[in-house]
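Colleague: Pasting in a structure now, in structure tokens, and then I'll have a few things to ask.
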Amino acid sequence: MVGWLRWSGERGLFPRLAKDRPLGLNLLSAALPDGKPHRRLSQGAAALRRRGIRRAVLSPALGDGRELEELGLSPVDPMPLCRALGAQLALAQMEGVPLRERRVALRGERADPAALELAQKLCPQTGALLLEFDRGGEDLERRLWRRYGASPLSLDNAPPPQVTLELSPREVSLPGTIRLWGEPDLGGLEIGCGLEIPADLPLLPTMTLLWEAGRLPLSAFRVGRTKGPESGEIP
């Protein structure tokens with residue numbers, strides 16, 4: 001079970017624990033009474049830990065989720081979902097660009113299975129896939145050559161990409177970078193799922209939980225530019 005720290009808007013001395021099922025998720029919520037935020041968060045986190053909770057989401061009104069680690073809880077990491085949608089993110093950044101003119105760079109420390117999956121999704125939908133990996137790049141090139149009959153290009157001998165998917169820290173940034181390591185940076189894009197995410201639940205972590213729980217398949221997610229208030233539905 002995943003914990004959920006949120007304000008209750010009520011008076012009281014201690015957080016109130018209850019099982020909640022927003023959007024069908026199985027959460028143990030700690031409703032925090034009025035008081036000093038840091039004190040109430042510490043109380044709520046301690047109450048969740050006593051119930052065996054190790055992973056939690058935080059209401060946006062209480063912070064961006066990074067506070068959870070200081071409270072002894074692990075935040076729900078949206079990176080696996082963002083990586084799984086990496087090809088869609090890249091294509092959304094190139095909306096309107098003809099297929100043959102699309103150039104996407106895929107770069108990182110190691111060409112791991114996640115890199116292979118992204119490359120296989122991108123190859124048929126781009127004019128040029130540019131690779132830059134410290135390890136495993138040659139093996140990835142051979143795999144793509146066998147499957148698609150065309151070898152990806154090196155960043156050193158190709159025109160600059162319109163979009164760069166960065167899977168691990170790089171010393172030099174490239175145009176249109178979408179950061180898929182650490183804290184994701186989607187380059188002005190938003191992931192939506194066709195559902196309205198309650199305002200007191202964080203957007204990306206909640207969608208990640210829905211995906212993890214099998215309540216939403218990957219095909220249910222859409223990528224677009226942010227056009228309105230944050231919600232799980234792209235306007």
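Rule-based calculations on the coordinates, nothing more; no lab input. These numbers were taken from a predicted model, which means no experiment stands behind them. When we count neighbours, we look across all protein chains shown, and the Cβ atoms used for this are built from the backbone with ideal geometry, even at glycine.
Colleague: Apply the Kirkwood formula to the chain: the hydrodynamic radius equals the inverse of the mean of 1/r over all pairs of different alpha-carbon atoms; give it in Å with one decimal.
Modeller: 19.5 Å is the Kirkwood radius here.
Colleague: Which three numbers, in whole Å and largest first, are the semi-axes of the equivalent ellipsoid of segment 47-136 derived from its Cα gyration tensor as √(5λ)?
Modeller: 37, 16, 10
Colleague: Please list 3J(HN,Hα) in residue order for segment 102-113, calculated via the Karplus relation 6.51 cos²θ - 1.76 cosθ + 1.60 where θ = phi - 60°; whole Hz, with x for glycine and proline.
Modeller: Values, residue by residue: 6, 10, 10, 9, 10, 9, x, 6, 9, 7, 8, x Hz.
Colleague: If you take the alpha carbon radius of gyration of segment 82-179 and divide it by 2.2 N^0.38 Å, what ratio comes out, to two decimals?
Modeller: After normalising by residue count via 2.2 N^0.38 Å, the value is 0.95.
Colleague: Take the alpha-carbon positions of segment 1-109, form their convex hull, and give its projected area averaged over all directions (one quarter of the hull surface) in nm².
Modeller: 9.9 nm²
Colleague: Right, something else. Nearest 500 deg cm²/dmol is fine: what mean residue ellipticity at 222 nm does the chain get from its DSSP H runs of n ≥ 4 alone, each adding -39,500 (n - 2.57), divided by its residue count?
Modeller: Helices in the chain give a 222 nm mean residue ellipticity of -7500 deg cm²/dmol.
Colleague: For the chain, modelled as a Gaussian network with Cα springs under 10 Å, which listed residue fluctuates most, 190, 132, 212?
Modeller: Checking each option, the largest mean-square fluctuation is seen for 212.
Colleague: Another one. With Kirkwood's inverse mean 1/r over C-alpha pairs for Rh, give me the Rg to Rh ratio of segment 106-235, two decimals please.
Modeller: My calculation of the ratio gives 1.01.
Colleague: Next question. Points 7 angstrom from Cα along the Cβ direction at residue 42 and residue 110: gap in nanometres?
Modeller: Reported label-point gap for residue 42 and residue 110 is 3.9 nm.
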